[in-house]
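The block underneath contains the structure these notes are about, expressed in structure tokens.
The values are calculated or read from the model by the stated rules, or taken from the named source; none is laboratory data. Values in this document were obtained by computation on a predicted structure and should not be read as measured data. Accessible surface is based on the protein model in full, side chains and every heavy atom, while ligands, DNA and RNA are left aside. Shrake-Rupley method; radii C 1.70, N 1.55, O 1.52, S 1.80 Å.
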Amino acid sequence: VQLQASGGGLVQSGDSLRISCTASGRTFSWYDMGWFRQAPGKEREFAAAISWRGGSTYYANSVKGRFTISRDNARNAVYLQMNSLKPEDTAVYYCAASRGMGGSYSRDTEYAYWGQGTQVTVSS
């Protein structure tokens, strides 16, 4: 499956932004999906994940209550709605696909397919 992330940009602290990831190739609905992010000089970290039918969602503590992951299998898309953005949310955001993340949804090694990333910059 090929993944394409989009929708990043420059926003101010407290603003909202929705980023998207569209998939092509194999059947999108087979895959659990995740969003990871990497800030300058830091390791890539888990942000959110959603199961293949959308019935289960998971969040990092740092984004819980502010970010919402969702998917539309008919559109082969997964979204990350980000509210109350903070400067520390500044990062390149990557979408990723897994054939079975199970309880390891926060581990990037569980995801076999990755998009190219979209830059999100939050100014103070």
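Surface composition of the chain: carbon plus sulfur atoms contribute 42% of the solvent-accessible area (1.4 Å probe, protein chains only, all chains present). Might you tell me the accessible area per residue for the range 1-44, computed with a 1.4 Å probe and given in Å²? On a per-residue basis, the range 1-44 sits at 54 Å².
Grab the eigenvalues of the alpha-carbon gyration tensor for the range 3-124, scale each by 5, take roots, and send me the semi-axes largest first in whole angstrom.
They are 22, 14, 13 Å, listed largest first.
Applied to the range 30-36, the Karplus parametrisation 6.51 cos²θ - 1.76 cosθ + 1.60 on θ = phi - 60° returns per-residue 3J(HN,Hα) values of 6, 10, 6, 10, x, 10, 10 Hz, with x for Gly and Pro.
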